Amino acid sequence: MSREESQKKKVFDAEAASFLMKELRGNVGSGTTRSYEWRVSQMKALLKLMDENEDHIVDALRSDLDKPPLETVVYEVGMLRNSCEVVLKELKHWMMPEKVKTAIATFPSSAEIVPEPLGVVLVISAWNYPFLLSLDPVVGAIAAGNAVVLKPSEISPATSSLLAKLLEKYMDNSFIRVVEGEVDETTALLQQKWDKIFYTGNGRVGRIVMTAAAKHLTPVVLELGGKSPVVVDSNVNLQVTARRIISGKWGLNNGQACISPDYVITTKNYAPKLVDALKTELENSYGKSPLESKDLSRIVNSNHFARLTKLLDDAKVSGKIVYGGEKDESKLRIAPTLLLDVPRDSLIMGEEIFGPLLPIITVNKLEESIDVINSGTKPLAAYLFTTDNKFKEQFVKTVSAGGMLVNDTALHLVVHTLPFGGVGDSGTGAYHGKFSFDAFTHKKAVLYRSFMGDASIRYPPYTNTKLRLMKALIGGGILNIIRALLGRS
Ligand code: NAD
């Protein structure tokens, strides 16, 4: 089957996936992707793609999510542009072998860690930031010198088809491909032997990906989600706190973001003040009719709308809504909604919300928030607002989360010197900046020796003296070696 025939086939099945893999493996064998020049050319091509198509990207995101243009331009295109710029600035340095010390046991010798591309990698991405989450891992894969197949999410179809079109036009298709599709197509891809699979999405599919990868001993990065808590102390600047919670929750795709605040924990006494501040700032941000606001994304589709509606209709939270709650099913819109004092065994506290609903849990003492968080699965992000340094230290030390941010939300994602990824149920592996390069790189250990200094003690016949000396050599310390030479050990 030729490439044209394979592309003409309607269904992307296992045969087509196997054909694609063979072709990419063959192409990668040429060594082209290993060169610094190729990697840089592809970064520049991506930058050009963005420069020439920002309007199309904004339109696609409008069509998929009614995402406000500012959010698309800043959080999707802008973030990706930054990733490319960091690669262009740092790549030469990242690609350089790192000289490391050697051991006495190998004297004389030198050693280095040589970064090497993994080969052919698969990126499977999610619908909520469909441009950024598709291409940001691809940036890492290219920077590390790999061929890459991207499978965007079918739940954001306009962005998926735009990505297919743009990557075909701008990128080197001998090594970079897009396969669009749903479960069947992804399953066909997952049957292949990849050198790495980078998956962004929910934990249920994360398990499917990891199972498929295990068959081939393929390593994975799983960028998953979870319930990211926000703990609010009573000593904070209330207005700034409310604004920053709003910005990380509704200002990020109307709560449909993996690092969105999922729920708030504060004290019983402080909760009414916090609710008032959130109400005031929500109204300042989205007006009195938030369903009409142009600055809020819609819910992605009717399945997710029904899922969120079910969380609100749970008898355990009826009467707990203190702000919002309005919905418009025909437009797939749900207003920013606050729920106060929801029971911890309610549906809304049992799963990641991934939408515009924000429950607030109250405790008698703020310290109890740590137990509340640690009694659940490890979140992707944990946020704390406080001016109490002791509590801050305790929080950082005792709460386990993919990432953590004190006195703000979501911004840790922007710092490319910080790894971005989960822990436990919120994921495995990390990326961003150099961590993206590392995620797609094998660090090859290389030791160089010459024919000098060939000590006979390692060769049979073995004697007690040789044993003593070898033990001392393996143990390291120069004193041990001298003692062994003197027959004192
Ligand atoms: P999704 O529905 O788009 O699914 C993600 C990908 O999995 C898609 O490409 C889809 O085609 C594929 N897929 C779906 N079912 C499959 C199956 N049975 N077999 C193989 N592949 C399959 O996205 P989603 O899962 O709804 O995304 C939301 C979740 O992702 C949330 O939990 C969120 O927290 C998480 N997320 C995490 C990050 C992160 O960076 N850590 C970013 C965004 C979203």
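Solvent-accessible surface of protein heavy atoms, probed at 1.4 angstrom with all chains present, puts K44, K434 in the order K44, K434, largest first. Ordering I373, I474 by accessible surface, largest first, gives I474, I373; the 1.4 Å probe counts only protein heavy atoms, with every chain in place.
For segment 42-133, the spread of Cα coordinates along the three principal axes comes to 64, 24, 20 Å, biggest extent given first. Using heavy atoms of the protein chains and a probe of 1.4 Å, the accessible area assigned to D425 is about 80 Å². Annotation: lysines with alpha-carbon distance below 19 angstrom to K365 (same-chain offsets under eight excluded): K268, K273, K390, K392, K397. Distance from the C-alpha centroid of segment 251-272 to that of segment 147-226: 31 Å, rounded to the whole angstrom. A straight Cα-to-Cα reach below 22 Å connects K294 with the lysines K67, K249, K279, K327, K331, residues fewer than 8 places away in its own chain not being considered. Pairs of C-alpha atoms in the chain farther apart than 42 Å represent 29 percent of all such pairs. Each Lys or Arg adds one and each Asp or Glu subtracts one; over the other residues with Cβ under 9 Å from the Cβ of E116, this totals +3. The heavy atoms of E98 present about 100 square angstrom of accessible area, all protein chains included, probe 1.4 Å.
Take the Cβ-Cβ distance between D328 and T32 as r, set R0 to 41 Å, and report the resulting FRET efficiency rounded to the nearest 0.05. It comes out at approximately 0.20.
Backbone geometry of segment 38-54 corresponds, through the Karplus equation with coefficients 6.51, -1.76 and 1.60 at θ = phi - 60°, to 3J(HN,Hα) couplings of 5, 4, 5, 4, 6, 5, 5, 5, 5, 4, 5, 3, 6, 4, 8, 9, 4 Hz, x marking Gly and Pro.
Just so you know, the Cα atoms of segment 229-421 work out to an Rg and Dmax of 15.7, 49 Å. Summary of the geometry: segment 426-469 and segment 325-393, compared by the centres of their Cα atoms, lie 47 Å apart.
Taking only protein heavy atoms and a 1.4 Å probe, the accessible area of segment 229-421 is 49% carbon and sulfur.
Both radii were evaluated on the Cα set of segment 344-489; the Rg over Rh quotient, with Rh as the Kirkwood radius, amounts to 1.29. Return the FRET efficiency for the residue pair L486, S63: r is the Cβ-Cβ distance, R0 is 56 Å, and the value is rounded to the nearest 0.05. That gives a FRET efficiency of 0.10. Annotation: the antiparallel percentage among DSSP beta bridges lying fully within the chain is about 35. With a simple spin-label model that places each label point 7 Å from the Cα along the Cα-to-Cβ direction, the separation between A455 and V406 comes to 4.9 nm.
Bridge orientation summary for segment 119-243: considering DSSP beta bridges with both residues in this region, about 0 percent are antiparallel. Distance between the modelled labels on T465 and N173, one decimal in nanometres: 7.2 nm (7 Å Cα→Cβ projection).
The mean accessible area for residues of segment 71-190, using a 1.4 Å probe and ignoring ligands and nucleic acids, is 36 Å² per residue. For K443, the aspartates and glutamates whose Cα comes closer than 15 Å to its Cα, not counting residues fewer than 8 places off in the same chain, are E98, E112, E116, D195.
The values are calculated or read from the model by the stated rules, or taken from the named source; none is laboratory data. Here the structure is a predicted model, which means the values were calculated and not measured. Counting neighbours? That spans all protein chains shown, and the Cβs are built from the backbone with ideal geometry, glycine included. Ligands, DNA and RNA are excluded from the accessible area calculation, which covers all protein heavy atoms including side chains. Shrake-Rupley method; radii C 1.70, N 1.55, O 1.52, S 1.80 Å.
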